[in-house]
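The values are calculated or read from the model by the stated rules, or taken from the named source; none is laboratory data. A quick note: this is a predicted structure, and the numbers were derived from the prediction, not measured. Every residue, glycine as well, gets a Cβ built from its backbone with ideal geometry; the counts of neighbours run over all protein chains shown.
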Amino acid sequence: MESENAILALAALAQSTRLDVFRLLVRHEPDGLAAGNVAGLLAVPQNTMSSHLAILTRAGLVSPKRTGRSIVYRANLARFQQVILFMLKDCCDGKPEICAPLIDSLTPCCQPIKRKAKA
């Protein structure tokens, strides 16, 4: 990832409503949410939400898909991963033990759910 792309993505998330939108869409993966639902859940006027979604789309952090009369937005988790990896790629000047606590703190939130085996 180039610096310009990382700056665009980070700038898009550096506004409270857009950060809320992205986090909401992450919680609704993989189905996504219609633009009107996003606006309603965050109590933001639809025309304002349209602008926020456009900025997030240009930054590559969300992806729109027309479904009938609605546009459903999904978080682009692969792009977000690229941004995070760009930020951490040269972590701690090649001393991974310094970054280990950061990486460990991410692991518990992303553990797969263990399901009981059927008898």
*Residue, nearest to L13 (Cα to Cα), within segment 79-107, restricted to residues that are among the charged types (D, E, K, R) and modelled with pLDDT under 90*: K89
*Yes/no for S50 being free of Cβ contacts under 8 Å to residues at least 40 places away in the same chain, in contact with a Phe, Trp or Tyr (Cβ under 8 Å, 6 or more places away or on another chain) and of a type in the set (S, T, N, Q)*: no
_Among the residues listed as L13, L41, the single one being closer than 16 Å to Q81 by Cβ and without any contact (Cβ under 8 Å) to a residue 60 or more places away in the chain_ = L13
_Given (1) touching a Ser or Thr at 6+ places or on another chain (Cβ under 6 Å); (2) at pLDDT below 95, identify the lone condition not met by H52._
(2)
*Only residues that are among the small types (G, A, S) and either over 27 Å from E4 (Cβ atoms) or part of a loop (DSSP other than H, G, I, E, B) (or both): list them for segment 38-60, please.*
A39, G40, A43, A59, G60
*asked:* Suppose we filter segment 23-64 for residues that are among the β-branched types (V, I, T) and over 21 Å from L77 (Cα atoms); how many remain?
replied: 2
*State whether the residues of segment 38-46 include one that is more than 22 Å from I103 (Cα to Cα), surrounded by 12 or more Cβ atoms within 10 Å (Cβ to Cβ), among the aliphatic types (A, V, I, L, M) and in contact with a Lys or Arg (Cβ under 8 Å, 6 or more places away or on another chain).*
no
*Name the residues in segment 40-97 that are over 20 Å from H28 (Cβ atoms) and among the small types (G, A, S), would you?*
S51, G94
_Residues being surrounded by 12 or more Cβ atoms within 10 Å (Cβ to Cβ) and either more than 11 Å from the chain's Cα centre (by Cα) or modelled with pLDDT of 95 or more (or both) - total across segment 65-78_ = 7
*Do you know which residues across segment 1-37 are loosely packed, with under 15 Cβ neighbours inside 10 Å, part of a helix (DSSP H, G or I) and of a type in the set (D, E, K, R)?*
E4, R23, R27
